Amino acid sequence: MAEQQGKFLTGSTFGHVSYMTLTGALGITFMFFVDALNLFWISHLGEQTLMAAMGYAFAIQYFTLSAGLGLMIATTALVARSIGQKAYDKARDQASGALIITCIWQVCVVTLVIIFRQDLLAAVGASGEAADLADRYLKFTLPSLVLMAVGMVSGGILRAKGEGAHAMSITLIPGVVALVIDPLFIIWMQLGLDGAALALCLMRGLMAAVALWLVIGYHKSLARPNFRSIFNMLRPFFTIALPAMLTQMATPFGNYLLTGLIAGFGDSAVAAWAVVGRLTVVAFGGIFSLSGAIAGIFSQNYGAGLYNRVRATYRDALIFCALYSCVMWGILMLASQQVSLWFSLDPAGNDVLYAFTHFGAGGFILIGALMVSNAAFNALGKPLWSTFTNWLRDGVLTLPAGIWLTGMFGATGVIYAQTLVGAAVGLIAALWGWIYVSKLGSAQASQLNLTKPPA
């Protein structure tokens, strides 16, 4: 890790937010775009049951994926803070420890999900052939989530340094390869759902290989691991990682609950829900990448004591988020009919899609504000605040709102519930975050005044 001043300590905060978010968005969006194409090729096999199976499987995999995101956020926050303090050797030790801890943790999580996958599928409403297909898909793809976590945490290390383009390439390069092998396996080799699973595993393996080459071979960002440094890393790492994982897992929990609700409206509604899930992460990849992308900006400036730049980063992230969401909302509204044709949705499925593109997508103006506050709280030593706001949204309010609105509007009520609850909590979290960053530095200033000798 080059021993130089952190990249985020000087220059335009809006420029840093835009660069890190757009490079993060391009990488994660392309990865999820490939996943959406995976579903697209499956839809061309003409079986709604296959699409429903992928929808159920996504609801389960989302939990393990979110655990990886929490580990990435903790890594970025710690490494970037050390860089801001010019403790470069410490940053390298933290990067190595984070990767090793991540591998061990994800192996344990994946093992538990594999053991209980059938119970999880039953709880989410999967039954019959769709459940059997989802079970097969999960058995094939779940182990590869460990490799994906290695790629994500390595990307977090690079973002902590300000290397947004290289962090982006960790997902971009495997995504390009997947563009070719997806139709090859699914359509040309006629492997169907098994082909989709095989392509996904290969993509995640390549993601880990590219990531390790960048952090070890190119950037020399890792120290030689030793037991003492890893042991010393455990407490500060999990102080951030555990709340961050809980925070990230709130979203798949809410998605899991809503998938169970929409399952009551049949496979066509679940197929449309699967399409909406892919559209959400493709269109709003920039919003989902915010927590990891700008955590390094917060942490470097916080570590260096530049609190005015922390406040400017928070403000600029909210502005960027609103602009980005408005653009994506407009694109989705215009593309709604074409997307429905691409995925061969029936009228019931089309209603769910239309509710998302014309109403649900607009909610990301404020849902994105929740992501900004999450990034700030995680990076600035208040990770439990992120956990509280996310679980308020997904664990407390989502299900009652979903039951209420599906009773009024049918399957589309799931979209309305997700949007209204997300927007309300996003507004609360954004205001809470702004109040917190506005007070940064005041405690230090007060302490200096208290210790200053009388005139």
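Some points to look at:
- Distance from segment 206-264 to segment 346-412 (C-alpha centre basis), Å: 22 Å
- Shown in residue order for segment 403-412 are the 3J(HN,Hα) couplings computed by the Karplus curve 6.51 cos²θ - 1.76 cosθ + 1.60 at θ = phi - 60°: 4, 4, 7, 5, x, 8, 10, x, 4, 5 Hz (x for Gly and Pro).
- Every helix of 4 or more DSSP H residues in the chain counts as -39500 (n - 2.57), and over all residues that averages to -27500 deg cm²/dmol at 222 nm.
- Listed peptides 231-240, 76-85, 416-425, 131-140 by packing density, highest first (mean Cβ within 10 Å): 76-85, 416-425, 131-140, 231-240
- Pairs from K7/K439; K7/K220; K161/K382; K7/K382; K139/K382; K7/K90 whose Cα-Cα separation, in the structure shown, is over 28 Å: K139/K382
- For segment 7-439, the Cβ-based charge dipole about the Cα centre amounts to some 2060 debye (Lys, Arg positive; Asp, Glu negative; other atoms uncharged).
- Between the helical axis of 347-358 and the longest alpha-carbon principal axis of the chain there is an angle of about 20 degrees.
- C-alpha long axis of helix 307-342 to longest principal axis of the chain, angle in °: 10 degrees
- Under 15 Å from K86, Cα to Cα: aspartates and glutamates that are on another chain or at least 8 residues apart: E3
- For M333 and A87, a Förster radius of 60 Å and the Cβ-Cβ distance give a FRET efficiency of 0.80, rounded to the nearest 0.05.
- Signed unit charges on C-beta, dipole axis of segment 7-439, positive-most listed residue L214, W404, L191: L214
- In degrees, nearest ten, helix 267-283 long axis to first principal axis of the chain (Cα): 30 degrees
- Computed from backbone phi, the HN-Hα couplings of segment 188-201 come to 5, 8, 6, 8, x, 5, 5, x, 4, 5, 5, 4, 5, 5 Hz, rounded to whole numbers (Karplus: 6.51 cos²θ - 1.76 cosθ + 1.60, θ = phi - 60°; Gly and Pro given as x).
FYI, it's all coordinate maths here, none of it is from the lab. Computed from a prediction, not measured in an experiment: that's the story for all the values here. All Cβ positions, even for glycine, are placed from backbone atoms using ideal geometry, and neighbour counts span all protein chains on display.
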